[in-house]
Structure formats: structure tokens, C-alpha cells
Amino acid sequence: MSVEITGREAEGTKWDLVVIGSGTAGADAAVRAAQLGGLKVLLIEKNRDRLGGTCVNVGCVPTKKLLYIADHYHELSKYLQ
Ligand SMILES: Cc1cc2nc3c(=O)[nH]c(=O)nc-3n(C[C@H](O)[C@H](O)[C@H](O)COP(=O)(O)OP(=O)(O)OC[C@H]3O[C@@H](n4cnc5c(N)ncnc54)[C@H](O)[C@@H]3O)c2cc1C
């Protein structure tokens, strides 16, 4: 289970593991520690609007979506001439 808490709330709790950054590495480490290790994990992300880091927001996912759209546009453009 995950819940979003404020910094002040986090201060008063004891954590088994603190992970900084919710990118591919941090999210994976936090989820695995919590699910497989049963640890109480605090995941800290400085950028509230970009949870998931580079891969989800500007890297792998958007890039592949752009390539997918460009590929389809290229195919369809053959029929538009
Ligand atoms: C255009 C592009 C395309 C890509 N395509 C692919 C692909 O197809 N396949 C692939 O495997 N990889 C791809 N990558 C690489 C992939 O995005 C990175 O390898 C991956 O995101 C690295 O993850 P990370 O967790 O190390 O860092 P990041 O994803 O950068 O995450 C770091 C996180 O930590 C946070 N943070 C930083 N400092 C602090 C702090 N002091 N306190 C709190 N939070 C903090 C940041 O806000 C960020 O959310 C691509 C990258 C780019 C730029």
C-alpha cells in the first residue's frame, strides 16, 4: 500500500529504508523493498509533477510514443497524396 504524506508527517515516523528519487531505479528499489522485503519504505521525490523520473516523463515512454505516431503518420501519408 502506498500513501502520499508531507515532509512533516514523514519526520515523525521510523523508516526501514529511505529512497531518494522516484525514477526507474528509485521506484523499483522502493517497491521491491516494500513488497518482497516487507520493509517500511519512504520514497522522496523533489518534483511532485514528475513522479516516475526521466523514463516515464521525458525519456523512454514519450520517445516511443512519438516514434509510434511518426511511423503511423509516415505510413498514412502515402495514401494522402
Ligand atoms: C530521450 C530519452 C529516451 C530514453 N529511452 C530509453 C529507453 O528506450 N529504454 C531505456 O531503458 N532507457 C531509456 N532512457 C534512459 C532512462 O530514461 C534512464 O536510464 C532512467 O530514467 C534512469 O533512471 P534513474 O532512476 O537512474 O534516474 P531518473 O529517471 O532521472 O530519476 C531520478 C529522480 O530523482 C529525483 N531527484 C533527483 N534529485 C533529488 C533529490 N535531491 N530529492 C528528491 N528527488 C530527487 C528526480 O526528480 C527524478 O524523479 C532514455 C532517456 C532519455 C533522455
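The values are calculated or read from the model by the stated rules, or taken from the named source; none is laboratory data. None of these values were measured; they are calculated from a predicted model. Here Cβ is always computed from backbone atoms with ideal geometry, including for glycine, and neighbour counts include all displayed protein chains. To get the accessible areas, we keep the full protein, side chains included, count just its heavy atoms, and leave off ligands, DNA and RNA. Shrake-Rupley method; radii C 1.70, N 1.55, O 1.52, S 1.80 Å.
Applying the selection to segment 32-57, what residues are within 11 Å of the chain's Cα centre (by Cα) and either over 20 Å from Glu11 (Cα atoms) or among the β-branched types (Val, Ile, Thr) (or both)?
Asp49, Arg50, Leu51, Gly52, Gly53, Thr54, Cys55, Val56, Asn57
Identify all residues within segment 33-79 that are among the hydroxyl-bearing types (Ser, Thr, Tyr) and open to solvent by less than 100 Å² (accessible area, probe 1.4 Å); write none if there are none. Explain how you work it out, then say what you get.
First, the residues of segment 33-79 that are among the hydroxyl-bearing types (Ser, Thr, Tyr): 54, 63, 68, 73, 77, 79.
Once the filter is applied, which keeps residues that are among the hydroxyl-bearing types (Ser, Thr, Tyr) and open to solvent by less than 100 Å² (accessible area, probe 1.4 Å), segment 33-79 yields Thr54, Thr63, Ser77.
Within segment 1-19, can you find the residues that are within 12 Å of the ligand (Cβ to nearest atom) and either surrounded by 14 or more Cβ atoms within 10 Å (Cβ to Cβ) or aromatic (Phe, Trp, Tyr) (or both)?
Just the residues of segment 1-19 that are within 12 Å of the ligand (Cβ to nearest atom), to begin with: 7, 18-19.
Scanning segment 1-19 gives a single hit, Val19.
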